[in-house]
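The values are calculated or read from the model by the stated rules, or taken from the named source; none is laboratory data. Predicted model, so just to flag it, every value in this text is computed and none were measured. Cβ placement follows ideal geometry from the backbone for every residue including glycine, while neighbour counts extend to all protein chains displayed. Protein only, heavy atoms only, side chains kept; ligands, DNA and RNA dropped before computing areas. Shrake-Rupley method; radii C 1.70, N 1.55, O 1.52, S 1.80 Å.
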Amino acid sequence: MPASLSQIRTTHPHLFKAFSVLPDGEEHLGRIEELDRYWEQLDHTVPDVVKDGSALPSGAALSSTYDIIYAGGTLGMLHAAVMAVRFGRKVLVFDRNTPGRSTRDWNISRQELFRLADTGVFSKEELDSVIVRKYKTGWVEFHKEDGSQKRLYMQNVLDCAVDADRLLGLAMEKVKAMKGCAVLSGTSFVRCFRFSDHVVVETADQKGNVSWFGAKVLVDVMGILSPIAMQLNRGRPQTHVCPTVGTSASGFLGVDFQTGEILASTGPAETSPGRGRQLIWEGFPAKGDEYITYLFFYDEVASPNDKSLLGLFDTYFKRLGEYKNMGPDFRVHRPVYGIIPAYFHDGFSRTREIADDRIVLLGDAASLASPLTFCGFGSMVRNLESLTAGLEAALTKGSLGKRALEKVSAYEPNVASMANLMKYMCYDSATDEPNFVNDLMNEVMVALDDLPEHYREAMFRDEMKIEELAVVMLRVAWRYPEVLKATWDKLGVEGSVGFLKNISGWALSRMKQPWW
């Protein structure tokens, strides 16, 4: 049973106080606890939810059939809209909560957001309408004990705040308007059964009523909690995570509504026996007088750190005043939160399992985005054109086996290589000085500040070329030789070899024509 607010009064007093004044505080507490079950799942038996068709219960009767079924109605809604409107596919989208709603807010550059217009499904006017704030500049800054930190400014990077629910709502209405398509709320994935020419998906509503739906292919967009991703990756679907919590609030004193604060640390790492965590803030203006602040940290999935969102939220409300001044009219409008996934590909290309016969994983379920800046939303926007065209080609050809569907992928060699840099931001008190992450990242900011502006823009938009990364790494190593020891501490032999494989795969990759 989900905990009530009264049950966390003493265990998480700062979270209790903040959520108690929210009209939907109990609901958000339930969603947060739902996400925190991820940590428990890692210790449980690997799920067995992908079944052979022969295991389908004899009394199962299909409620309806579709071309595509989407399990998950957040980022999957964007993909579903294109498949339904552009390609005329009959789709079903279901979500255990409310489809078309996100627990996080998004920011992106305008030129990146407008890639959605390339699909022909979203107009530029519609996309303009979901931008609730455009700011002039953004910066990154990491704490230095002596106050000598470099504040690195950049343009055209994460400089538009997007109303996530409005964008997803537009996509959902487009799906619902198409004949033969449907969207279901309060509907959970139970398991699926694969046949040679179709897949059957078993669902349950909030009262426990079971239904079965047929389709040519199942698209898993259930996020980090996906049991299919757990099964396909043998219980370890991620190697690293970025727990993230925050709020959309008003009443801060002295905030700059023309500037986005992309990454900001306010002190050294928190330490605990054997390990610790470097807390990082993000802040950006949203609609009206609302301002969004996030608190997060990077860590290995296998570390002993407390990575629960409940614990991090308590820390957020306890320490928010260290980041922003809260005035007498300070008010939280809604919490924002999530677990951003990451995966280390120990190979020359993608090594994570993202597909099986008649099943393909997208979004956080696939865990192919970089957790540093672009994350799942940016990856979906960037790759939506190829992800939809690829699936349409597979459907048209009837090529819906694992080898064909795993090519419907958002994997990018440069992003996979850049994601390795996250390991340097995973603080470990066994090897690192308390200000290690800050010192290292400050040197990266200094190196970028000495280079042409396109270097910083490319790094924070996950568009860096391999020769540009080499220039930055060499400059950092020259200025901060401690990074060489840190590389050994963070990566070791196995991790270093894996990093070299990633870099080699990136270097060898060439612009190829789409397989379809």
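Identify all residues within the stretch 406-455 that are of a type in the set (F, W, Y) and either over 26 Å from the mean Cα position of the chain (by Cα) or at pLDDT 90 or above (or both); write none if there are none.
Y427, F436, Y455
For the stretch 447-516, give me every one of the helices (runs of 4 or more DSSP H) that falls completely inside it and has 2 or more residues that are of a type in the set (F, W, Y) and surrounded by 17 or more Cβ atoms within 10 Å (Cβ to Cβ). Answer list for the stretch 447-516: 453-460, 482-508. Each residue in the stretch 180-203 was checked for being closer than 16 Å to A61 by Cβ, open to solvent by 50 Å² or more (accessible area, probe 1.4 Å) and more than 26 Å from the chain's Cα centre (by Cα), and 2 pass.
Surrounded by fewer than 15 Cβ atoms within 10 Å (Cβ to Cβ) and acidic (D, E), is that true of E443? No: the conditions fail for E443. Put simply, of D43, D67 the only residue that is in contact with a strand residue (DSSP E or B) (Cβ under 9 Å, 6 or more places away or on another chain) and not small (G, A, S) is D67. Before we move on, is M326 more than 22 Å from the chain's Cα centre (by Cα) and at pLDDT 90 or above? For M326, the condition - more than 22 Å from the chain's Cα centre (by Cα) and at pLDDT 90 or above - is met. Give the stretch 77-102 a look and list any residue that's of a type in the set (V, I, T) and touching a helix residue (DSSP H, G or I) at 6+ places or on another chain (Cβ under 6 Å), or say none. Those that are of a type in the set (V, I, T) and touching a helix residue (DSSP H, G or I) at 6+ places or on another chain (Cβ under 6 Å): V82, V85, V91, V93.
Residues that are open to solvent by less than 20 Å² (accessible area, probe 1.4 Å) and outside any loop (DSSP other than H, G, I, E, B) were ranked within the stretch 405-418; the one that is farthest from F460 (Cα to Cα) is L405.
Scanning the stretch 478-516 for residues that are more than 26 Å from the chain's Cα centre (by Cα) and of a type in the set (F, W, Y), we see that the one that is modelled with the highest pLDDT is W478. The set of residues from the stretch 396-418 being touching an Asp or Glu at 6+ places or on another chain (Cβ under 9 Å) and either farther than 21 Å from V50 by Cβ or of a type in the set (A, V, I, L, M, F, W, C) (or both) comprises L400, L405, E412, N414, V415, M418. Restricted to helices (runs of 4 or more DSSP H) entirely inside the stretch 1-104, those with at least 1 residues that are farther than 23 Å from L395 by Cβ and open to solvent by less than 30 Å² (accessible area, probe 1.4 Å) are 13-20, 25-41.
Scanning the stretch 334-350 for residues that are of a type outside the set (K, R) and either buried (at least 17 other Cβ atoms within 10 Å of the Cβ) or under 15 Å from the mean Cα position of the chain (by Cα) (or both) yields P335, V336, Y337, G338, I339, I340, P341, A342, Y343, F344, H345, F348.
Counting the residues of the stretch 371-385 that are open to solvent by 10 Å² or more (accessible area, probe 1.4 Å) and over 9 Å from the mean Cα position of the chain (by Cα) gives 5.
With the structure loaded, tell me whether D314 is crowded, with 21+ Cβ neighbours inside 10 Å, farther than 24 Å from R151 by Cβ, out of contact with any strand residue (DSSP E or B) (no Cβ under 8 Å at 6 or more places or on another chain) and charged (D, E, K, R) or whether it fails that test.
In short, yes.
Counting only strands (runs of 3 or more DSSP E) that sit wholly inside the stretch 108-185, those with at least 2 residues that are farther than 14 Å from F377 by Cβ and in contact (Cβ under 8 Å) with a residue 12 or more places away in the chain are 131-134, 137-141, 152-154, 182-184.
A Cβ distance below 8 Å, combined with a sequence gap of six or more or placement on separate chains, defines the contacts here; from the stretch 376-396, residues that are touching a residue at least 60 places away in the same chain (Cβ under 8 Å) and β-branched (V, I, T) reach residues that are assigned to a helix (DSSP H, G or I) and surrounded by fewer than 24 Cβ atoms within 10 Å (Cβ to Cβ) in the pairs V381/E112; V381/L113; V381/R115; T388/T119. With the condition kept exactly as written, say whether any residue in the stretch 122-139 is closer than 22 Å to D462 by Cα and crowded, with 22+ Cβ neighbours inside 10 Å. Yes. None of L368, L391, L395, L421 is part of a helix (DSSP H, G or I) and buried (at least 23 other Cβ atoms within 10 Å of the Cβ) except L391.
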